[in-house]
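Reviewing the structure listed below.
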Amino acid sequence: MSTSAPQEPPEFPDGSNATKITYIDGRPATLTLRRLQVAVSYDGAVQTHVFDKDVVTIGAMGDNDIALEDDTVSRNHCKIWHEGEHYMIADLNSTNGTFVNRVRIREAFLRPDCSITLGKTEMRFAPVDERVRIVPSDKQRFGEIIGRNAKIRELYTILEKIAPTDATVIIEGETGTGKEVVARTTHQESRRREGPFIVFDCSAVPENLIESELFGHEKGAFTGAIQTRQGVFEMANGGTVFLDELGELALEMQPKLLRVLEQREVKRVGGTRPQKVDVRIIAATNRNLEEEVRQGRFREDLFYRLSVVRVMLPPLRDRREDIPLLVRHFLKSSHFNRGRDGERKVAQVSREAMDRLHDYTWPGNVRELHNVVERAVSFADTDTVEVRDLPDHVAAQRDAFSAKGLGTAPLFREESASARAPSIPPPRPASVPPARDSSPPSAAAIEGTFKDAKERWVSSFERDYIASLLRKNGNNISHAARESDIDRKYFRKLMKKYGLHIATPGEPDDDDD
């Protein structure tokens, strides 16, 4: 006799057994950690197994999550998994069948404290979920994640709880918010930290190669398959697979990914036998997957299978207090700030420059901040990043905000290019202006603080020096850059900074700003 699942799913004591984050007024309030318990009876003794996995397999083979020493149990007998807010069990075509409360089933809902019988083995099932109140951590760093913003510190609390589990995670957020950093930190804080961490960018691989990249292929499976190749899931066995830009995965590939999530097994392209894999899956997307489901571009069943835990990363504009921390971290740890001797080239950022970084809106988020700091380090003449070292669109932020009445007044008045070099006439498009008179500075030119005067005179010197070299070398940028021992690209950046435009044959406009 066999029966299908009950008409009404069971209700669990807490009303929901889904591993999820509960939000109140847009802020995370509680985290429900999904766990299930299976108590196995052996000759009067009871052995208890507790799992926080999405799928638990039971059978006589050693690669099952619960391996039974019972010759009446099939090698791969049954599996338990969660679906929506409920646990389910399914028989895997076993020889002697799977029984729930003495009734043979193919697939059924599991109620708390129900009995499961496989061959001669008796088991009892129970959900043992844990509900955790989310309180912002007092840390300013968790793994590779840096920040003291309240939303980031709430993320630390969530990750501290879910990282040690095998729960599948979806990380959502705008481009550049640090989703891969969160995924890598989750892996490093898990019990899989000694295993591989494999990144697969779903948007970077041609559609006709995705299946082979993910699942591998056998020799001769298609033209060009000259040898057997492992896929991402096999290479990550015992570790974590990070699926970046999951929303870009082609619709026809999604059922195959769903099979991996449900069965924890893969079949290579051209292969005939599935292979078991032990991996944790973390996914990331900058798309709204719920909207993608409504539009029919993402499978609903895959979305719910992946959405065991969903975390949202805030954009950098909503956590501006973290900008100084991030900048100091980049200067301290990034290779771009190291000289040949290994010493740091730049030690700090001036207050004025930091104000500009704070005021900017950062559409590219943390990734853009990293790139701006790297660029500023390459431009800095001293061990301090100044406003002049920042890109124009970032450096101009405070003035733009002040003009619109949206920000505070700057700590000092930023001089315009004409104010920094008042006696230098504007350059002509196809020629370099004549050299300025090298007479001593006037009283007006040295007014203000030492720092302001120094900045004006450094800018004036740089412009005159570049203009003189260009005249000396017949407007040949390559020759002028070589004589000054300045990288040609940086030489052109200085030309653009001071409006020294040259349009001559043989000198293409290759400015990469």
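The values are calculated or read from the model by the stated rules, or taken from the named source; none is laboratory data. If you're wondering where the values come from, they're calculated on a predicted model, not measured in any experiment. We place every Cβ from the backbone using ideal geometry, glycine too, and count neighbours over all the protein chains shown. Each accessible area value is taken on the protein alone, full model and side chains, heavy atoms only, with ligands, DNA and RNA left out. Shrake-Rupley method; radii C 1.70, N 1.55, O 1.52, S 1.80 Å.
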Extended-chain gain in nm, criterion 0.36 nm per residue less alpha-carbon gap, GLU290 and GLU218: 22.3 nm
Sorted from largest to smallest, which semi-axis lengths in Å does the alpha carbon gyration tensor of segment 308-355 give for its equivalent ellipsoid, taking the root of 5 times each eigenvalue? 28, 17, 6
Compute the length gained on full extension between ARG367 and HIS501: take 0.36 nm times their separation in residues and subtract their Cα-Cα distance, giving the result in nm to one decimal. 45.1 nm
XL table LYS256/LYS276; LYS219/LYS267; LYS53/LYS120; LYS53/LYS276; LYS151/LYS179; Cα-Cα > 20 Å flagged, in table order, is LYS53/LYS120
Cβ-placed point charges (K, R +1; D, E -1), dipole of segment 32-129 about Cα centre in debye, nearest 20: 240 debye
Per the 1.4 Å probe, what fraction of the accessible area of segment 183-276, in percent, lies on carbon and sulfur atoms? 44 percent
Accessible area, probe 1.4 Å, largest first, for residues HIS370, HIS479, HIS217: HIS479, HIS370, HIS217
Mind running the shape call on segment 83-123? Use the C-alpha gyration tensor, a ≥ b ≥ c as the square roots of the eigenvalues: rounded below 1.5 for a/c, prolate if a/b tops b/c, oblate otherwise. oblate
Can you tell me how much longer the chain between ASP301 and TYR465 gets when fully stretched, taken as 0.36 nm per residue apart minus their C-alpha distance, in nm with one decimal? 52.5 nm
Excluding ARG264 itself, what net charge comes from residues whose Cβ is under 11 Å from its Cβ, given Lys and Arg +1 and Asp and Glu -1? -2
Counting only DSSP beta bridges with both partners in segment 192-310, the antiparallel fraction in percent, to the nearest 5, comes to 25 percent
What does the charge count near ASN337 come to, summing +1 for each Lys or Arg and -1 for each Asp or Glu among other residues with Cβ under 15 Å from its Cβ? +1
Points 7 angstrom from Cα along the Cβ direction at GLN230 and MET61: gap in nanometres? 1.8 nm
Orientation-averaged projected area, Cα convex hull of segment 121-251 (nm²): 12.2 nm²
Work out the FRET efficiency for MET312 and ARG482 from their Cβ-Cβ distance, taking R0 = 60 Å, and round it to the nearest 0.05. 0.70
Over segment 224-321, what per residue volume does the convex hull of the Cα atoms give, in whole Å³? 150 Å³
At R0 = 22 Å, FRET efficiency that the Cβ-Cβ distance of ALA204 and GLU374 yields, to 0.05: 0.50
Calculated FRET value between VAL128 and ASN93, using beta carbons and R₀ = 25 Å, to 0.05: 0.30
Quick check: from the Cα gyration tensor, does segment 91-168 come out rounded (a/c under 1.5), prolate or oblate? prolate
Using only the C-alpha atoms of segment 126-175, find the volume of their convex hull and express it per residue in Å³. 110 Å³
Extending each Cα 7 Å along its Cβ direction at ARG273 and ASP71, get the distance between those two points in nm, one decimal. 2.4 nm
